1. Please name which of I323, H245, L141 has its Cα lying farthest along the dipole of the chain towards the positive end, using unit charges on Cβ (Lys, Arg +1; Asp, Glu -1) and the Cα centre as origin.
2. Excluding ligands and nucleic acids, what accessible area in Å² is computed for I462 using a 1.4 Å probe, to the nearest 10?
3. Express the relative contact order of the stretch 261-377 as a whole percentage, based on alpha carbon pairs under 8 Å and six or more residues apart in sequence.
4. How about the stretch 1-94: which trypsin sites (Lys or Arg not before Pro) there are in a DSSP loop, with at most 11 other Cβ atoms within 10 Å of their Cβ?
5. How large is the convex hull of the Cα atoms of the chain per residue, expressed in Å³ as a whole number?
6. For D89 and T102 in one chain, what is 0.36 nm times their gap in residues minus the Cα-Cα distance, to one decimal in nm?
7. Could you state how much accessible area V114 has, in square angstrom rounded to the nearest 10, with a 1.4 Å probe and all protein chains kept in place?
8. Compute the relative contact order of the chain as a whole-number percentage, counting only Cα pairs closer than 8 Å that sit 6 or more residues apart in sequence.
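The values are calculated or read from the model by the stated rules, or taken from the named source; none is laboratory data. Since the model is a prediction, treat every value here as computed from it, not as a measurement. Here the Cβ is made from the backbone with ideal geometry for all residues, glycine too, and neighbour counts use every protein chain on show. Ligands, DNA and RNA are stripped out before the accessible areas are found, and what is left, the full protein with its side chains, is counted by its heavy atoms. Shrake-Rupley method; radii C 1.70, N 1.55, O 1.52, S 1.80 Å.
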Amino acid sequence: MTAPLEDAIASAPSIAAARTALEEQPGRAWLVGGAIRDALLGERVADADLAVQPRQEESAARAIARVAGGTAFPLSEEHATWRAVTSTDGWHVDVAALRAETIEDDLRARDFTVNAIAVPLAGGVPIDPTGGMADCEARLLRAASNATFDDDPIRLLRACRISASFGLTVDPGTAELAREHSAHAADPAGERQFAELRGIVAGRDPMRGLELMDELALTPVVLPELEGLRGVIQNPNHHLDVHGHTLAVLEEWLGIEADIPAFAGELAGEIEEYLAEPLGDELTRSGALRFGALFHDVGKPETRSEGSGYVTFIGHDEVGARIIATICRRLRTSRRTSGHLQGLALHHLRLGFLIHQRPLSRRTVYDYLVATEPVSADVTLLSVADRLAARGEGPLASPEMVEAHLDLAREMLREALAWHHDGAPRPPVSGDELADELGLSPGPEMGRLLEELRAEAYTGEISGREQALERARQLR
C-alpha cells in the first residue's frame, strides 16, 4: 500500500476500531468502497465498509461495536450486511459478506471503478481489478462493467451524485451506457431514488449534479415535473423560461447560503443556526430549501395563461403544492418533508404581495406568520432567492423593488425567528376562563375569540387577563 493511502486510512477512527476488533478474528477482511475512494481523492475518511467471508458479517460487526462502545444491528438481510455504530464519534462501519467467490470478483461486480478497490484490513497491497486507482488519480468516474446499470438502475442517479460530490468527470463510454439505460432510472424504490436525489441536491455541487442528470437523460424519467418547465415562457419580469428561472433561484439560494452575513447582517448567526436544524429524511432546513427552490414553480405549466399579451400563472402556488405532494408520495419521503416542501411552494408569493404595504403593521406581520407557519422563516428566505433570480425588464424586477423586497425579508426574518425560538404567542386568557366569565361553550365562537385575543396580544393592543376579558366582551 502507498504511504499516503495507508496514512489516510490509519487516521480514521472507524478503521482503527475495525483493525483492533478483528485482528484476532479468523478469516480475512478487506476495506472496500468509499473509504478507499475518499482516501485516494484526498477526502477525509469517516465511515468504512468491510467485506468479510460469508457468515462472518454479524460476528465482525459485533466485535467492532464492542471496541467502539456502540451497537451492531442488521442493515440488510438480503445482502448479508451488518452495521456497527459508535456511541460517541458519529461514525459507522458496514460489514458485508463477499458477494462472489473471490474479493476480485466481488469488486468487479460493484458500480464504479473508484468504488471497486480493496485493501486488506491488516494492511497490504491494494486489490484493483478494474483500474480504480488510476481513475481516482485522473478524477474519472467509469462503470466497473457493462452490466453496472443492468445490475442496479439506482447507479444512474448515483453516477450524478458521486461525480458532483467529488468533482469527477464521467467517462464518455459510461455516459453513453447510462443514456442507453436512462429509461430505467425510476425503476428502483422511491426512497432509494430520493436518497440519491438528496445527495445531489443537498450535496457539494447541486448545479453540476442536476446538469449531469440532464446530460444522462435522467431528469425526464426521475423528475418529469422539473423537465416540464422547459420552454414555459414567462412575463417581462423574468429573463428566463420557468426551467431556467428555477435553476437560477437554486443558484441564488446557494449564494445566500454560502454567505449568510452578506444578506442578513446581524441576523446571520441565528439564521445559520436555524438552517442547520434537522428537518427529516436526513435533510436540514438548508437542504430542504434547496429542494424548495427546485420545486417552487412546478405548478406554472398547468396554470399558464396569456391575455392581452401578458403571461400569468394564477394559482400556481396552490397547484404546485399539490404536485409536490405527488412527487413526495412517489419518492416516499416523510410526511414532514412533504408538508414542508408543499408549504414553501404554497406561500412563496406572500411576502412579495406585502411590498406596497410597508411599513407593515404588527397585525400584518402576525397574519403573515400565522399563514406561513411552520415555514415562515424558510419561505421568506426562498422568496429572496426567487426575487433575485427574476432579472427581466418588468416593474417587479427593478432594482428598487428588489431592494425593497430584501429589506422587508430581513424585517420579517427577525419576527419569524423570534416566533420559532419562543413559540407561537398564546392568548392572555384560556378557553376555560372565557367559558366561566362569558358563559361560552367550546366551539367555533370560542375559537374565533381566542384567536383574535392572541393576535391583539401580539400586536400590543391588549395585555393581561382583564383587558383580554373586556375585549372578548366587546367582540361578542
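1. Of the options given, the answer is I323.
2. 10 Å²
3. 20 percent
4. Sparse-neighbourhood loop trypsin sites (Lys or Arg not before Pro): R44, R55.
5. 190 Å³
6. Separation in residues times 0.36 nm, less the Cα-Cα distance, equals 1.4 nm.
7. 0 Å²
8. For the chain, the relative contact order is 9 percent.
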